[in-house]
Amino acid sequence: MSNQESDIFDLIIRGGTVIDGTRRPRFDADVGIRHGRIAEIGDLRAHTAAKIIDATGRIVAPGFIDSHTHDDAAILFDPQMICKISQGVTTVITGNCGISLAPLSPDSPHPMPLSLLTGDEHAPHATFSRFADYLDAVRGSPSSVNVAAMVGHTTLRVMTMDSLDREANSDEIQAMQGLLSEALEAGAIGVSTGTYYPPASAAPMEEVISVCRPLTGTGAVYVTHMRNEADGCIDSLNETFEIGRALDVPVVISHHKLQREVNFGKSTLTLPLIRAAMRCQCVALDCYPYDASSTMLHTDETKLQGRVRIATSEAHPELAGRDLGEIAEEWGVSRVEASRRLQPASAIYFSMDENDVRRILAFEETMIGSDGLSLGEKPHPRLWGTFPRVLGHYSRDVGLFPLETAVWKMSGLTARNFGLTGRGTLETGNHADVVIFDAATIKDRATYDTPAVAADGVEAVIVNGELTWWRGEHCGARAGEVLVRSRLNQA
Ligand code: ZN
(Lines give C-alpha, C1' and ligand atoms only; values in the text may rest on other atoms or scores of the structure.)
Protein backbone atom coordinates (compact mmCIF):
# COMPACT_ATOMS: atom_id res chain seq x y z
CA MET A 1 0.00 0.00 0.00
CA SER A 2 1.40 3.42 -0.92
CA ASN A 3 1.70 6.12 1.71
CA GLN A 4 -1.01 8.08 0.03
CA GLU A 5 -3.51 5.21 0.25
CA SER A 6 -2.72 4.60 3.88
CA ASP A 7 -3.48 8.26 4.61
CA ILE A 8 -7.00 7.97 3.28
CA PHE A 9 -9.77 6.57 5.41
CA ASP A 10 -13.33 5.65 4.57
CA LEU A 11 -14.47 7.50 7.66
CA ILE A 12 -12.82 9.68 10.29
CA ILE A 13 -14.55 10.46 13.59
CA ARG A 14 -12.90 13.72 14.58
CA GLY A 15 -12.47 15.48 17.88
CA GLY A 16 -14.32 13.04 20.14
CA THR A 17 -13.46 11.62 23.53
CA VAL A 18 -12.73 7.90 23.32
CA ILE A 19 -13.98 5.46 25.94
CA ASP A 20 -12.47 2.31 24.50
CA GLY A 21 -14.42 -0.45 26.28
CA THR A 22 -11.50 -1.69 28.39
CA ARG A 23 -12.35 0.46 31.46
CA ARG A 24 -9.27 2.65 30.97
CA PRO A 25 -9.94 6.37 31.48
CA ARG A 26 -11.27 8.34 28.52
CA PHE A 27 -8.89 10.20 26.20
CA ASP A 28 -9.26 12.59 23.29
CA ALA A 29 -8.52 11.08 19.88
CA ASP A 30 -9.71 10.80 16.31
CA VAL A 31 -10.76 7.39 15.02
CA GLY A 32 -10.01 6.38 11.44
CA ILE A 33 -11.96 3.58 9.79
CA ARG A 34 -11.00 1.72 6.65
CA HIS A 35 -12.46 -1.44 5.04
CA GLY A 36 -14.77 -2.04 7.99
CA ARG A 37 -11.97 -1.98 10.55
CA ILE A 38 -10.54 0.55 12.94
CA ALA A 39 -7.41 1.59 11.08
CA GLU A 40 -6.02 4.20 13.46
CA ILE A 41 -6.76 5.94 16.74
CA GLY A 42 -4.89 9.18 17.43
CA ASP A 43 -4.33 12.58 15.92
CA LEU A 44 -5.65 12.32 12.37
CA ARG A 45 -5.91 16.05 11.64
CA ALA A 46 -3.53 15.70 8.70
CA HIS A 47 -5.60 12.88 7.18
CA THR A 48 -8.56 12.86 4.86
CA ALA A 49 -11.52 10.56 4.47
CA ALA A 50 -14.48 9.99 2.19
CA LYS A 51 -16.66 10.95 5.15
CA ILE A 52 -15.89 12.89 8.30
CA ILE A 53 -18.02 13.00 11.44
CA ASP A 54 -17.38 15.82 13.89
CA ALA A 55 -17.64 14.27 17.37
CA THR A 56 -16.54 17.32 19.36
CA GLY A 57 -17.98 17.12 22.86
CA ARG A 58 -19.18 13.55 22.31
CA ILE A 59 -18.11 10.14 23.57
CA VAL A 60 -16.83 7.67 20.98
CA ALA A 61 -17.23 4.10 22.26
CA PRO A 62 -17.34 0.52 20.96
CA GLY A 63 -20.79 -0.46 19.67
CA PHE A 64 -22.73 -2.09 22.48
CA ILE A 65 -23.20 -5.85 22.64
CA ASP A 66 -26.62 -6.87 23.92
CA SER A 67 -25.65 -9.93 25.95
CA HIS A 68 -29.21 -11.18 26.34
CA THR A 69 -31.75 -10.99 23.53
CA HIS A 70 -34.64 -12.84 21.99
CA ASP A 71 -33.98 -11.28 18.57
CA ASP A 72 -33.69 -14.66 16.78
CA ALA A 73 -36.68 -13.90 14.55
CA ALA A 74 -36.66 -10.09 14.80
CA ILE A 75 -33.38 -9.83 12.87
CA LEU A 76 -35.11 -11.58 9.97
CA PHE A 77 -38.54 -9.88 10.00
CA ASP A 78 -37.39 -6.45 11.23
CA PRO A 79 -33.86 -6.25 9.82
CA GLN A 80 -33.33 -2.55 10.53
CA MET A 81 -33.53 -3.37 14.24
CA ILE A 82 -34.21 0.26 15.15
CA CYS A 83 -35.06 -0.72 18.74
CA LYS A 84 -31.43 -1.79 19.21
CA ILE A 85 -29.49 0.38 16.75
CA SER A 86 -31.08 3.51 18.23
CA GLN A 87 -29.52 2.57 21.60
CA GLY A 88 -26.04 2.09 20.15
CA VAL A 89 -26.27 -1.70 20.07
CA THR A 90 -24.25 -3.20 17.20
CA THR A 91 -24.30 -6.89 18.21
CA VAL A 92 -27.06 -9.06 19.66
CA ILE A 93 -26.65 -12.45 21.30
CA THR A 94 -29.67 -14.61 20.48
CA GLY A 95 -31.03 -17.97 21.59
CA ASN A 96 -31.41 -17.17 25.30
CA CYS A 97 -33.56 -18.75 28.03
CA GLY A 98 -33.58 -22.17 26.35
CA ILE A 99 -35.39 -20.98 23.24
CA SER A 100 -33.91 -20.59 19.73
CA LEU A 101 -35.52 -20.52 16.30
CA ALA A 102 -33.34 -23.43 15.21
CA PRO A 103 -33.27 -26.34 14.98
CA LEU A 104 -37.06 -26.70 14.66
CA SER A 105 -38.97 -28.69 12.07
CA PRO A 106 -42.06 -27.16 10.41
CA ASP A 107 -44.34 -29.51 12.36
CA SER A 108 -42.66 -29.01 15.77
CA PRO A 109 -45.02 -27.78 18.46
CA HIS A 110 -44.30 -24.27 19.78
CA PRO A 111 -45.18 -24.34 23.48
CA MET A 112 -44.79 -21.15 25.51
CA PRO A 113 -42.27 -19.60 25.90
CA LEU A 114 -40.95 -20.88 22.55
CA SER A 115 -43.90 -19.26 20.78
CA LEU A 116 -42.60 -15.88 21.95
CA LEU A 117 -40.01 -16.42 19.21
CA THR A 118 -41.88 -18.37 16.61
CA GLY A 119 -44.79 -15.95 16.25
CA ASP A 120 -48.49 -16.59 16.73
CA GLU A 121 -50.56 -19.26 15.02
CA HIS A 122 -51.87 -16.80 12.45
CA ALA A 123 -48.52 -15.32 11.53
CA PRO A 124 -45.80 -17.85 12.29
CA HIS A 125 -42.21 -16.96 11.53
CA ALA A 126 -40.05 -19.27 9.46
CA THR A 127 -38.35 -22.04 11.39
CA PHE A 128 -35.17 -23.88 10.40
CA SER A 129 -34.58 -27.58 10.87
CA ARG A 130 -30.82 -27.17 10.90
CA PHE A 131 -28.92 -24.49 12.79
CA ALA A 132 -26.76 -23.96 9.68
CA ASP A 133 -29.91 -23.10 7.69
CA TYR A 134 -30.81 -20.43 10.22
CA LEU A 135 -27.34 -18.86 10.07
CA ASP A 136 -27.43 -19.02 6.25
CA ALA A 137 -30.78 -17.21 6.27
CA VAL A 138 -29.33 -14.49 8.50
CA ARG A 139 -26.28 -14.17 6.26
CA GLY A 140 -28.48 -14.13 3.16
CA SER A 141 -30.64 -11.32 4.52
CA PRO A 142 -28.39 -9.40 6.89
CA SER A 143 -29.83 -7.11 9.53
CA SER A 144 -28.36 -3.86 10.78
CA VAL A 145 -26.70 -5.59 13.75
CA ASN A 146 -24.20 -8.40 14.13
CA VAL A 147 -25.59 -11.65 15.49
CA ALA A 148 -23.97 -14.26 17.71
CA ALA A 149 -26.44 -17.12 18.03
CA MET A 150 -26.97 -19.81 20.64
CA VAL A 151 -29.05 -22.95 20.53
CA GLY A 152 -31.73 -23.51 23.15
CA HIS A 153 -32.12 -26.65 25.24
CA THR A 154 -35.92 -26.24 25.22
CA THR A 155 -35.82 -26.10 21.43
CA LEU A 156 -33.76 -29.32 21.40
CA ARG A 157 -36.34 -30.98 23.68
CA VAL A 158 -39.18 -29.87 21.43
CA MET A 159 -37.33 -31.34 18.44
CA THR A 160 -36.64 -34.71 20.00
CA MET A 161 -39.26 -35.53 22.64
CA ASP A 162 -42.90 -36.53 22.26
CA SER A 163 -43.79 -35.21 25.71
CA LEU A 164 -42.03 -32.46 27.63
CA ASP A 165 -43.29 -33.16 31.14
CA ARG A 166 -40.58 -35.72 31.85
CA GLU A 167 -36.84 -36.28 31.81
CA ALA A 168 -35.30 -37.16 28.42
CA ASN A 169 -34.34 -40.81 27.90
CA SER A 170 -30.93 -41.87 26.61
CA ASP A 171 -32.01 -42.01 22.94
CA GLU A 172 -33.44 -38.51 23.18
CA ILE A 173 -30.31 -37.24 24.90
CA GLN A 174 -28.21 -38.72 22.12
CA ALA A 175 -30.42 -37.06 19.50
CA MET A 176 -30.11 -33.70 21.30
CA GLN A 177 -26.33 -34.09 21.49
CA GLY A 178 -26.27 -34.68 17.73
CA LEU A 179 -28.30 -31.54 17.05
CA LEU A 180 -26.11 -29.54 19.42
CA SER A 181 -22.91 -30.77 17.76
CA GLU A 182 -24.35 -29.78 14.39
CA ALA A 183 -25.23 -26.32 15.73
CA LEU A 184 -21.74 -25.83 17.20
CA GLU A 185 -20.20 -26.93 13.93
CA ALA A 186 -22.37 -24.38 12.11
CA GLY A 187 -21.20 -21.58 14.41
CA ALA A 188 -23.45 -21.52 17.48
CA ILE A 189 -21.54 -19.77 20.28
CA GLY A 190 -23.19 -21.76 23.05
CA VAL A 191 -26.25 -23.37 24.58
CA SER A 192 -28.90 -21.80 26.75
CA THR A 193 -31.31 -23.46 29.15
CA GLY A 194 -34.61 -22.33 30.59
CA THR A 195 -35.38 -24.89 33.28
CA TYR A 196 -37.60 -22.23 34.89
CA TYR A 197 -40.16 -22.78 32.13
CA PRO A 198 -42.67 -25.64 31.78
CA PRO A 199 -41.19 -27.26 28.62
CA ALA A 200 -37.82 -27.76 30.36
CA SER A 201 -38.59 -27.78 34.08
CA ALA A 202 -38.79 -31.59 34.15
CA ALA A 203 -35.18 -31.81 32.94
CA PRO A 204 -32.94 -32.64 35.91
CA MET A 205 -29.39 -31.35 36.13
CA GLU A 206 -28.10 -34.71 34.83
CA GLU A 207 -30.05 -34.29 31.59
CA VAL A 208 -28.66 -30.79 31.07
CA ILE A 209 -25.10 -32.00 31.65
CA SER A 210 -25.52 -34.93 29.24
CA VAL A 211 -27.17 -32.89 26.50
CA CYS A 212 -24.54 -30.14 26.79
CA ARG A 213 -21.58 -32.54 26.76
CA PRO A 214 -20.58 -31.52 23.19
CA LEU A 215 -19.74 -28.04 24.56
CA THR A 216 -16.71 -29.36 26.41
CA GLY A 217 -13.45 -28.30 24.81
CA THR A 218 -15.05 -26.09 22.16
CA GLY A 219 -14.85 -22.72 23.92
CA ALA A 220 -18.62 -22.37 23.65
CA VAL A 221 -20.60 -21.13 26.66
CA TYR A 222 -23.38 -22.50 28.86
CA VAL A 223 -25.97 -19.78 29.47
CA THR A 224 -28.93 -20.21 31.78
CA HIS A 225 -32.23 -18.76 32.81
CA MET A 226 -32.00 -20.64 36.06
CA ARG A 227 -34.58 -23.01 37.43
CA ASN A 228 -35.48 -20.62 40.21
CA GLU A 229 -34.86 -16.90 40.72
CA ALA A 230 -37.02 -16.64 43.83
CA ASP A 231 -37.08 -18.82 46.96
CA GLY A 232 -34.71 -21.36 45.41
CA CYS A 233 -32.18 -18.90 43.99
CA ILE A 234 -29.22 -20.21 46.02
CA ASP A 235 -29.87 -23.83 45.00
CA SER A 236 -30.18 -22.71 41.39
CA LEU A 237 -26.86 -20.89 41.51
CA ASN A 238 -25.21 -23.99 42.91
CA GLU A 239 -26.78 -26.12 40.20
CA THR A 240 -25.48 -23.71 37.56
CA PHE A 241 -21.94 -23.80 38.97
CA GLU A 242 -22.06 -27.61 39.14
CA ILE A 243 -23.12 -27.86 35.48
CA GLY A 244 -20.26 -25.56 34.51
CA ARG A 245 -17.75 -27.64 36.45
CA ALA A 246 -19.07 -30.97 35.16
CA LEU A 247 -18.75 -29.74 31.57
CA ASP A 248 -15.65 -27.61 32.21
CA VAL A 249 -17.19 -24.70 30.30
CA PRO A 250 -17.80 -21.03 31.10
CA VAL A 251 -21.28 -20.33 32.48
CA VAL A 252 -23.38 -17.20 32.11
CA ILE A 253 -26.19 -16.51 34.59
CA SER A 254 -28.89 -14.73 32.63
CA HIS A 255 -30.71 -11.63 33.91
CA HIS A 256 -29.71 -12.21 37.52
CA LYS A 257 -32.56 -11.12 39.80
CA LEU A 258 -34.41 -11.97 42.99
CA GLN A 259 -38.15 -12.30 42.60
CA ARG A 260 -40.91 -12.05 45.19
CA GLU A 261 -40.87 -9.80 48.19
CA VAL A 262 -39.67 -12.48 50.60
CA ASN A 263 -36.46 -12.68 48.58
CA PHE A 264 -35.78 -8.95 48.39
CA GLY A 265 -32.27 -8.19 49.56
CA LYS A 266 -30.92 -11.65 48.82
CA SER A 267 -28.49 -10.22 46.26
CA THR A 268 -26.35 -9.61 49.36
CA LEU A 269 -26.08 -13.43 49.48
CA THR A 270 -26.07 -14.35 45.78
CA LEU A 271 -23.36 -11.92 44.66
CA PRO A 272 -20.76 -13.12 47.20
CA LEU A 273 -21.64 -16.70 46.16
CA ILE A 274 -21.05 -15.79 42.51
CA ARG A 275 -17.81 -14.03 43.46
CA ALA A 276 -16.62 -17.12 45.30
CA ALA A 277 -17.48 -19.41 42.38
CA MET A 278 -15.55 -17.09 40.03
CA ARG A 279 -12.38 -17.97 41.92
CA CYS A 280 -12.72 -21.63 40.85
CA GLN A 281 -14.43 -21.51 37.44
CA CYS A 282 -15.52 -19.13 34.66
CA VAL A 283 -18.77 -17.46 35.70
CA ALA A 284 -20.41 -14.45 34.07
CA LEU A 285 -23.76 -12.76 34.58
CA ASP A 286 -25.99 -10.16 33.03
CA CYS A 287 -28.76 -7.88 34.20
CA TYR A 288 -31.29 -5.42 32.77
CA PRO A 289 -31.77 -2.04 34.43
CA TYR A 290 -35.42 -2.34 35.53
CA ASP A 291 -37.24 -3.70 38.57
CA ALA A 292 -39.90 -5.45 36.48
CA SER A 293 -39.41 -8.62 34.45
CA SER A 294 -41.26 -9.77 31.35
CA THR A 295 -42.00 -13.14 29.81
CA MET A 296 -44.90 -15.47 29.01
CA LEU A 297 -48.05 -14.95 31.06
CA HIS A 298 -47.91 -17.67 33.69
CA THR A 299 -50.94 -19.67 34.82
CA ASP A 300 -49.19 -20.84 37.96
CA GLU A 301 -50.37 -19.02 41.10
CA THR A 302 -46.90 -18.69 42.64
CA LYS A 303 -45.60 -16.96 39.52
CA LEU A 304 -48.50 -14.47 39.43
CA GLN A 305 -47.85 -12.73 42.74
CA GLY A 306 -47.51 -8.95 42.80
CA ARG A 307 -48.57 -6.54 40.09
CA VAL A 308 -48.82 -8.16 36.65
CA ARG A 309 -49.39 -6.11 33.51
CA ILE A 310 -50.45 -7.74 30.24
CA ALA A 311 -47.99 -7.05 27.39
CA THR A 312 -49.67 -9.12 24.65
CA SER A 313 -52.67 -11.42 24.48
CA GLU A 314 -53.72 -13.28 21.36
CA ALA A 315 -57.15 -13.98 22.83
CA HIS A 316 -57.70 -10.37 23.96
CA PRO A 317 -55.29 -8.07 22.13
CA GLU A 318 -57.31 -5.05 23.32
CA LEU A 319 -56.19 -5.73 26.90
CA ALA A 320 -52.47 -5.12 26.26
CA GLY A 321 -51.21 -2.63 28.83
CA ARG A 322 -53.91 -3.48 31.42
CA ASP A 323 -53.29 -4.97 34.86
CA LEU A 324 -54.17 -8.63 35.33
CA GLY A 325 -55.80 -7.84 38.70
CA GLU A 326 -58.21 -5.35 37.11
CA ILE A 327 -59.07 -7.73 34.29
CA ALA A 328 -59.77 -10.56 36.75
CA GLU A 329 -62.00 -8.26 38.80
CA GLU A 330 -63.96 -7.10 35.74
CA TRP A 331 -64.47 -10.68 34.66
CA GLY A 332 -65.32 -11.82 38.18
CA VAL A 333 -62.72 -14.61 38.08
CA SER A 334 -59.42 -15.43 39.80
CA ARG A 335 -56.14 -14.11 38.41
CA VAL A 336 -55.17 -17.66 37.42
CA GLU A 337 -58.42 -18.08 35.48
CA ALA A 338 -58.01 -14.67 33.83
CA SER A 339 -54.46 -15.70 32.81
CA ARG A 340 -55.83 -18.86 31.23
CA ARG A 341 -58.40 -16.89 29.23
CA LEU A 342 -55.78 -14.44 27.95
CA GLN A 343 -53.48 -17.16 26.49
CA PRO A 344 -51.33 -17.20 24.55
CA ALA A 345 -50.03 -14.09 26.23
CA SER A 346 -47.00 -12.29 27.64
CA ALA A 347 -46.78 -10.06 30.68
CA ILE A 348 -44.70 -7.64 32.74
CA TYR A 349 -44.12 -8.60 36.38
CA PHE A 350 -43.34 -5.93 38.97
CA SER A 351 -41.58 -8.39 41.21
CA MET A 352 -38.13 -7.05 42.09
CA ASP A 353 -36.53 -4.72 44.59
CA GLU A 354 -34.76 -1.64 43.21
CA ASN A 355 -31.95 -2.10 45.73
CA ASP A 356 -31.24 -5.59 44.38
CA VAL A 357 -31.30 -4.25 40.81
CA ARG A 358 -28.76 -1.58 41.73
CA ARG A 359 -26.55 -3.96 43.69
CA ILE A 360 -26.48 -6.46 40.81
CA LEU A 361 -25.87 -3.78 38.17
CA ALA A 362 -23.03 -2.35 40.22
CA PHE A 363 -21.41 -5.75 40.79
CA GLU A 364 -18.14 -5.43 38.94
CA GLU A 365 -18.58 -8.32 36.51
CA THR A 366 -22.24 -7.79 35.58
CA MET A 367 -22.85 -7.35 31.85
CA ILE A 368 -25.80 -5.40 30.46
CA GLY A 369 -28.40 -7.33 28.47
CA SER A 370 -31.86 -6.11 27.50
CA ASP A 371 -33.87 -9.36 27.47
CA GLY A 372 -36.27 -7.35 25.27
CA LEU A 373 -39.14 -9.06 23.48
CA SER A 374 -40.17 -7.63 20.10
CA LEU A 375 -43.83 -8.40 20.59
CA GLY A 376 -46.92 -6.26 20.23
CA GLU A 377 -47.32 -2.58 21.01
CA LYS A 378 -46.74 -2.69 24.76
CA PRO A 379 -43.46 -4.55 25.25
CA HIS A 380 -41.34 -4.03 28.35
CA PRO A 381 -39.48 -0.71 27.84
CA ARG A 382 -36.14 -2.53 28.19
CA LEU A 383 -36.43 -3.42 24.48
CA TRP A 384 -35.81 0.25 23.55
CA GLY A 385 -34.25 1.70 26.69
CA THR A 386 -31.76 -0.63 28.37
CA PHE A 387 -28.40 0.78 27.27
CA PRO A 388 -29.17 4.54 27.44
CA ARG A 389 -30.84 3.88 30.82
CA VAL A 390 -27.62 2.41 32.22
CA LEU A 391 -25.49 5.23 30.74
CA GLY A 392 -27.84 8.09 31.61
CA HIS A 393 -29.91 7.11 34.60
CA TYR A 394 -27.70 4.66 36.49
CA SER A 395 -24.20 5.90 35.62
CA ARG A 396 -24.65 9.67 35.23
CA ASP A 397 -27.70 10.50 37.37
CA VAL A 398 -27.60 7.88 40.14
CA GLY A 399 -23.78 7.62 40.06
CA LEU A 400 -23.74 3.83 40.36
CA PHE A 401 -20.44 3.60 38.45
CA PRO A 402 -18.24 5.70 36.14
CA LEU A 403 -19.11 5.94 32.46
CA GLU A 404 -15.98 3.94 31.59
CA THR A 405 -17.34 1.05 33.68
CA ALA A 406 -20.80 1.37 32.15
CA VAL A 407 -19.38 1.16 28.63
CA TRP A 408 -17.18 -1.82 29.57
CA LYS A 409 -20.22 -3.69 30.95
CA MET A 410 -21.87 -3.39 27.55
CA SER A 411 -18.88 -3.95 25.26
CA GLY A 412 -15.43 -5.22 26.28
CA LEU A 413 -16.61 -7.43 29.13
CA THR A 414 -19.34 -8.98 27.01
CA ALA A 415 -17.04 -9.67 24.05
CA ARG A 416 -14.60 -11.37 26.41
CA ASN A 417 -17.23 -13.52 28.11
CA PHE A 418 -18.79 -14.73 24.86
CA GLY A 419 -15.49 -15.11 22.99
CA LEU A 420 -16.26 -12.51 20.32
CA THR A 421 -12.80 -11.69 18.98
CA GLY A 422 -12.14 -8.34 17.36
CA ARG A 423 -15.23 -6.77 18.92
CA GLY A 424 -16.13 -4.88 22.06
CA THR A 425 -13.14 -2.56 22.30
CA LEU A 426 -11.87 0.33 20.20
CA GLU A 427 -8.47 -0.90 19.11
CA THR A 428 -6.60 -0.71 15.84
CA GLY A 429 -7.48 -3.76 13.75
CA ASN A 430 -10.82 -4.43 15.43
CA HIS A 431 -14.08 -4.41 13.50
CA ALA A 432 -15.45 -0.88 13.28
CA ASP A 433 -18.53 -1.17 15.48
CA VAL A 434 -18.79 2.28 17.03
CA VAL A 435 -21.32 4.43 18.87
CA ILE A 436 -21.09 8.20 19.30
CA PHE A 437 -23.20 9.62 22.12
CA ASP A 438 -23.60 12.69 24.27
CA ALA A 439 -22.78 11.78 27.88
CA ALA A 440 -24.67 14.83 29.16
CA THR A 441 -27.97 14.14 27.40
CA ILE A 442 -28.14 10.39 26.83
CA LYS A 443 -31.43 9.17 28.28
CA ASP A 444 -33.90 6.36 27.75
CA ARG A 445 -37.38 7.61 26.83
CA ALA A 446 -39.18 4.25 26.66
CA THR A 447 -41.73 3.85 29.46
CA TYR A 448 -44.25 1.16 30.39
CA ASP A 449 -47.00 3.26 28.78
CA THR A 450 -45.05 4.27 25.67
CA PRO A 451 -42.33 1.64 25.32
CA ALA A 452 -41.40 1.89 21.64
CA VAL A 453 -39.51 5.19 21.75
CA ALA A 454 -35.90 5.78 20.73
CA ALA A 455 -33.55 7.19 23.36
CA ASP A 456 -32.10 10.70 23.38
CA GLY A 457 -28.41 11.37 22.97
CA VAL A 458 -27.26 8.60 20.62
CA GLU A 459 -25.84 10.55 17.73
CA ALA A 460 -24.31 7.96 15.41
CA VAL A 461 -23.96 4.20 15.23
CA ILE A 462 -21.52 2.48 12.90
CA VAL A 463 -21.65 -1.26 12.20
CA ASN A 464 -18.68 -2.90 10.44
CA GLY A 465 -17.67 0.55 9.19
CA GLU A 466 -21.13 1.46 7.82
CA LEU A 467 -22.95 4.46 9.21
CA THR A 468 -26.27 2.93 10.29
CA TRP A 469 -27.87 5.50 12.65
CA TRP A 470 -27.44 9.24 12.39
CA ARG A 471 -29.20 11.80 14.57
CA GLY A 472 -32.45 9.97 15.07
CA GLU A 473 -32.69 8.37 11.64
CA HIS A 474 -31.81 4.93 10.33
CA CYS A 475 -29.49 5.26 7.33
CA GLY A 476 -30.63 2.01 5.70
CA ALA A 477 -27.35 0.11 6.13
CA ARG A 478 -27.66 -3.60 6.93
CA ALA A 479 -24.01 -4.43 7.50
CA GLY A 480 -24.51 -6.92 10.34
CA GLU A 481 -22.55 -10.15 10.21
CA VAL A 482 -22.95 -13.57 11.80
CA LEU A 483 -20.30 -13.89 14.50
CA VAL A 484 -18.89 -17.28 15.31
CA ARG A 485 -16.78 -18.51 18.22
CA SER A 486 -13.21 -17.33 18.57
CA ARG A 487 -11.81 -20.78 18.14
CA LEU A 488 -13.58 -21.18 14.81
CA ASN A 489 -12.53 -17.65 13.85
CA GLN A 490 -8.91 -18.49 14.40
CA ALA A 491 -9.06 -21.84 12.60
ZN1 ZN B 1 -35.02 -15.57 30.62
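Tell me which residues, restricted to the stretch 171-187, are in a helix (DSSP H, G or I) and either within 16 Å of the ligand (Cβ to nearest atom) or within 21 Å of the chain's Cα centre (by Cα) (or both).
The first filter runs over the stretch 171-187 and keeps only residues in a helix (DSSP H, G or I), leaving 171-186.
Listed by number, the residues that qualify are Leu180, Ala183, Leu184, Ala186.
Restricting to the stretch 307-322, name every residue that is in a loop (DSSP other than H, G, I, E, B) and surrounded by fewer than 15 Cβ atoms within 10 Å (Cβ to Cβ).
First pass over the stretch 307-322, keeping only residues in a loop (DSSP other than H, G, I, E, B): 314-316, 320-322.
Of everything in the stretch 307-322, just one residue is in a loop (DSSP other than H, G, I, E, B) and surrounded by fewer than 15 Cβ atoms within 10 Å (Cβ to Cβ), namely Ala315.
Can you tell me which residue among Asp54, Asp66, Asp30, Asp43 is farther than 20 Å from Asp10 by Cα, acidic (Asp, Glu) and at pLDDT 95 or above?
So the residue among Asp54, Asp66, Asp30, Asp43 that is farther than 20 Å from Asp10 by Cα, acidic (Asp, Glu) and at pLDDT 95 or above is Asp66.
So which helices (runs of 4 or more DSSP H) stay within the stretch 188-258 end to end and still have 1 or more residues that are farther than 18 Å from Gly178 by Cα and either out of contact with any helix residue (DSSP H, G or I) (no Cβ under 9 Å at 6 or more places or on another chain) or modelled with pLDDT under 95 (or both)? Can you show your working first?
Values: elements: 198-201, 205-211, 233-247.
So the answer is 198-201, 233-247.
Which one is surrounded by the fewest Cβ atoms within 10 Å (Cβ to Cβ) among residues in the stretch 323-358 that are of a type in the set (S, T, N, Q) and farther than 21 Å from Gly372 by Cβ? Quick ask: steps written out before the conclusion?
If we filter the stretch 323-358 for residues that are of a type in the set (S, T, N, Q), which is where we start, we get 334, 339, 343, 346, 351, 355.
Filter once more, so that each one left must be farther than 21 Å from Gly372 by Cβ: 334, 339, 343, 355.
Numbers: Ser334: 12, Ser339: 26, Gln343: 14, Asn355: 14.
Here the answer is Ser334.
Can you tell me which residues in the stretch 76-126 are in a strand (DSSP E or B), more than 16 Å from the ligand (Cβ to nearest atom) and of a type in the set (A, V, I, L, M, F, W, C)?
Looking only at the stretch 76-126, we keep the residues that are in a strand (DSSP E or B), and these are 89-94.
Subset that is more than 16 Å from the ligand (Cβ to nearest atom): 89-91.
The one that is in a strand (DSSP E or B), more than 16 Å from the ligand (Cβ to nearest atom) and of a type in the set (A, V, I, L, M, F, W, C): Val89.
Checking Cys287 against (1) more than 19 Å from Gly369 (Cα to Cα); (2) touching a Lys or Arg at 6+ places or on another chain (Cβ under 8 Å); (3) within 16 Å of the ligand (Cβ to nearest atom), which test does it fail?
(1)
Could you list, in sequence order, the residues of the stretch 212-238 that are closer than 25 Å to Pro199 by Cα, away from the ligand (no atom under 13 Å from the Cβ) and surrounded by fewer than 20 Cβ atoms within 10 Å (Cβ to Cβ)? I'd like the intermediate steps shown before the answer.
From the stretch 212-238, those closer than 25 Å to Pro199 by Cα are 212-216, 220-238; that's our starting set.
Right, trim to away from the ligand (no atom under 13 Å from the Cβ) and you get 212-216, 220-222, 230-235, 237-238.
Matches in the stretch 212-238: Arg213, Thr216, Ala230, Asp231, Gly232, Ile234, Asp235, Asn238.
Please go through the stretch 273-299 and pick out each residue that is over 19 Å from Met352 (Cβ atoms) and either surrounded by fewer than 22 Cβ atoms within 10 Å (Cβ to Cβ) or not hydrophobic (A, V, I, L, M, F, W, C) (or both).
Here is the first cut: in the stretch 273-299, the residues over 19 Å from Met352 (Cβ atoms) are 275-284, 299.
Scanning the stretch 273-299 gives Arg275, Ala276, Ala277, Met278, Arg279, Cys280, Gln281, Cys282, Thr299.
The values are calculated or read from the model by the stated rules, or taken from the named source; none is laboratory data. Not measured: the values here are computed from a predicted model. Here Cβ is always computed from backbone atoms with ideal geometry, including for glycine, and neighbour counts include all displayed protein chains.
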